[in-house]
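Student: Have a look at this one.
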Amino acid sequence: MGQGSSASDTSLRMLGVVLTDRGSKYAVTGAAVSSRADVDAVLTELKRDRAYAKATHNTWAAMLPNGALKADDGESGAGIVILRMMERAGMQDHVIIVTRWYGGKKLGGDRFRRVQDAVRHYFADQGIDH
């Protein structure tokens, strides 16, 4: 990964694939952000990696100084799962992106558990008690 394209430091913390379930693979990435422009720069930087650009979903949530943002990227309801976990952990000025490569089998409600598991991996990597 290269340098971010915004004024702030968008250095990504990419944990790569942290779990699999019925063929689907989940990765988690995060970065410090302070604006929507920073979030967009982080997403652009992440998608410079062809594997992430071709992923089925890059769901994300961000806690910014002026409020929270989220995007499901086709994984309906997943952005709010990330956002609620960030709120409970008190994580501010940060974006967390959960990437899913669809494995051919529907996960039903388990897809939310896998998103939670991915975010927990990120929290553990950051030393955040969840």
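Student: Between R36 and D117, what length comes free when the chain is fully extended (0.36 nm per residue of separation minus the Cα-Cα distance, one decimal in nm)? It would help to have the intermediate numbers written out before the result.
Tutor: Working: separation 81, 0.36 × 81 = 29.16 nm, distance 2.54 nm.
26.6 nm is the gain from fully extending R36 to D117.
Student: Could you work out [θ]222 nm for the chain from helices alone, using -39500 (n - 2.57) per DSSP H run of at least four and dividing by all its residues? Round to the nearest 500 deg cm²/dmol. Numbers along the way, then the final one.
Tutor: Values: 4 runs with 44 residues, N = 130.
Mean residue ellipticity at 222 nm (helix-derived): -10000 deg cm²/dmol.
Student: Would you work out the relative contact order for segment 13-125, in percent, from Cα pairs under 8 angstrom that are 6 or more residues apart?
Tutor: Numbers: 207 pairs, mean separation 39.5, N = 113.
The normalised contact order for segment 13-125 reaches 35 percent.
Student: Using only alpha carbon pairs under 8 Å that are at least six residues apart, calculate the relative contact order of segment 37-91 and give it in whole percent.
Tutor: Working: 51 pairs, mean separation 13.8, N = 55.
Over segment 37-91, the number comes to 25 percent.
Student: In the neighborhood of L69, defined by Cβ-to-Cβ distances under 14 Å, what is the net charge if each Lys or Arg adds +1 and each Asp or Glu adds -1?
Tutor: Working: positive: R36, K70, R84; negative: D38, D40, D72, D73, E87, D93.
Combined, the nearby Lys, Arg, Asp and Glu give -3.
Where a number appears in this text, it was derived from the coordinates with a stated rule and is not lab data. Just so we're clear, the structure is a prediction, and the values are computed from it rather than from any experiment. We place every Cβ from the backbone using ideal geometry, glycine too, and count neighbours over all the protein chains shown.
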